[in-house]
Amino acid sequence: MARVFDDLELGYVKEVLASGVLGWKQGTVTRRFEGAFAKLVGSPYAIARNSAMSGLAEAVAVSGAGTAYEVICDPIVHFGGLAALYFNAVPRFVDVRRDTYLMDPDAVRANFTPLTKALIVTNLWGLCAELDELRQICDEHGIFMIEDCAHVIGSYWKGKHSGTYGDLGVFSFQQGKHLPTGDGGMLTTAREDLYDKIYNQWAFSGESPMFMTLNFRMNEVTAAVGLGQVQRVTGYVEQYTRNLHRLNEAITGCEWLGARHVPPKAQQSGYVWACTWEGDKLGLRLERFKEICAEIGLKINSGFAQLNVPAYQFDIFKGSTAYGVPDCPVRCPFYAEKSDYRYRPGLCPVAEDLIPRFIRLGLVEVSDEESTRRAALLQEAIRRMER
């Protein structure tokens, strides 16, 4: 389903231009967009931001994490780790469950240290992690919980929308996400004190802010587009979820493509369809399957990112050169004297095994006709592989 941008969005943009107020101002379009998004996900408060990456960084900042403190992150995507680096905190990567590809609560428990200040859980590819258990663990340890919700508008855990379990949820409105504004993001929270801190104390409200901060606000024109798109996003998600189900059905019964497990507590939304290659266990070659898909015109993605390795094996983390010096963050003297934690192969063995096995297809802006075609091609690729 193609995105729709028409007179609805244009009307809000014209309203902004007619007002003469293009930047955030109390009571204007940005506030209305925040209210509409908060209602969509069932959060008491929402705060618009210029990007989800900015929102993640700000979430780390308000968590109390910083130099010589640790932020627990999952290793498949690197954005949580980068957010920790922005405030000189140390990303401590924990493993995922093999069947859901999501943060493993047992791995979280095994990685708490006296230096742990925050946890960033990635709700990946339309599916929520075990958010109630992670919330309980964070509460037990007094840890600030952040949800990366870039992929999960329309996703629920135990009937609660993503972004409503953490102290802060962070949503993305980048062009490829469920709700597109070009760029942009939203923080959600149920904590009035955080809402006040981020919107007032943490803002540039005078000559000098009350804390070290940056200007992450969303402008009025972007919010105008968002105010229109928030009225359309449920329809988008319904379409992408139909696409997801078609592809899941296409691999039913295939012994060498492992379907992603969706726990009974979860309601998944369509964003990226993924399964895992298990053919090596039956003497099949992944390269041959990729060749077949190319021959019949099915453009699949295999693995994840260019290196096909967990985030902690990226140079910016393992090389400890995030700031152009060979010490930060894990070799920073303020941290190294307290911990011998290092990024090394084998740190998250499940993630290391999973990432090269991923077979993925995008679901965003894909029509019913195209997703039906892809499902048929996937079935044909399976038949050819089994001949």
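The values are calculated or read from the model by the stated rules, or taken from the named source; none is laboratory data. Since this is a predicted model, take the numbers as computed values, not measurements. Backbone-built Cβ (ideal geometry, glycine too); neighbour counts: all protein chains shown.
Overview of values
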quantity: Pair list, Cβ < 6 Å and 6+ apart or interchain, from region 161-177 residues that are surrounded by 24 or more Cβ atoms within 10 Å (Cβ to Cβ) to residues that are part of a loop (DSSP other than H, G, I, E, B) and of a type in the set (Ser, Thr, Tyr); calculated: 162/155; 173/181
quantity: Candidate set: region 1-27, residues that are at pLDDT below 90 and of a type in the set (A, V, I, L, M, F, W, C); chosen: the one surrounded by the most Cβ atoms within 10 Å (Cβ to Cβ); calculated: 1
quantity: Verdict on residue 147 being under 28 Å from residue 357 (Cβ atoms), touching a residue at least 12 places away in the same chain (Cβ under 8 Å) and surrounded by fewer than 23 Cβ atoms within 10 Å (Cβ to Cβ); calculated: no
quantity: Matching entry among 118, 57 (being farther than 15 Å from residue 351 by Cα and not in a helix (DSSP H, G or I)); calculated: 118
quantity: Of all residues in region 357-387 being of a type in the set (D, E, K, R) and part of a loop (DSSP other than H, G, I, E, B), the one that is farthest from residue 310 (Cα to Cα); calculated: 387
quantity: Unique match (being in contact with a strand residue (DSSP E or B) (Cβ under 6 Å, 6 or more places away or on another chain), modelled with pLDDT of 95 or more and either on the phi > 0 side of the Ramachandran plot or of a type in the set (A, V, I, L, M, F, W, C) (or both)) among 257, 179, 227; calculated: 257
quantity: Single residue of region 32-88 satisfying the filter (of a type in the set (S, T, N, Q), touching a Ser or Thr at 6+ places or on another chain (Cβ under 9 Å) and closer than 18 Å to residue 123 by Cα) that is surrounded by the most Cβ atoms within 10 Å (Cβ to Cβ); calculated: 43
quantity: Single unsatisfied condition, residue 119 versus (1) within 25 Å of residue 245 (Cα to Cα); (2) touching a residue at least 40 places away in the same chain (Cβ under 8 Å); calculated: (1)
quantity: Failed criterion for residue 92 (all others in (1) under 23 Å from residue 185 (Cα atoms); (2) in contact with a helix residue (DSSP H, G or I) (Cβ under 9 Å, 6 or more places away or on another chain); (3) touching a residue at least 60 places away in the same chain (Cβ under 8 Å) hold); calculated: (1)
quantity: Region 306-340, residues that are in contact with a Pro (Cβ under 6 Å, 6 or more places away or on another chain) and farther than 17 Å from residue 73 by Cα; calculated: 308
quantity: Meets criteria (among the aromatic types (Phe, Trp, Tyr) and modelled with pLDDT of 90 or more) for residue 236; calculated: yes
quantity: Hits in region 86-108 - residues which are farther than 14 Å from residue 70 by Cα and either in a helix (DSSP H, G or I) or among the small types (Gly, Ala, Ser) (or both); calculated: 105, 106, 107
quantity: Hits in region 27-41 - residues which are closer than 11 Å to residue 223 by Cβ and not small (Gly, Ala, Ser); calculated: 28, 29, 30, 31, 32, 33, 34, 37
quantity: Helices (runs of 4 or more DSSP H) contained entirely in region 262-356, each with at least 2 residues that are among the acidic types (Asp, Glu) and surrounded by fewer than 18 Cβ atoms within 10 Å (Cβ to Cβ); calculated: 286-296
quantity: Residue 71 vs. criteria in contact with a strand residue (DSSP E or B) (Cβ under 6 Å, 6 or more places away or on another chain) and farther than 25 Å from residue 192 by Cβ; calculated: no
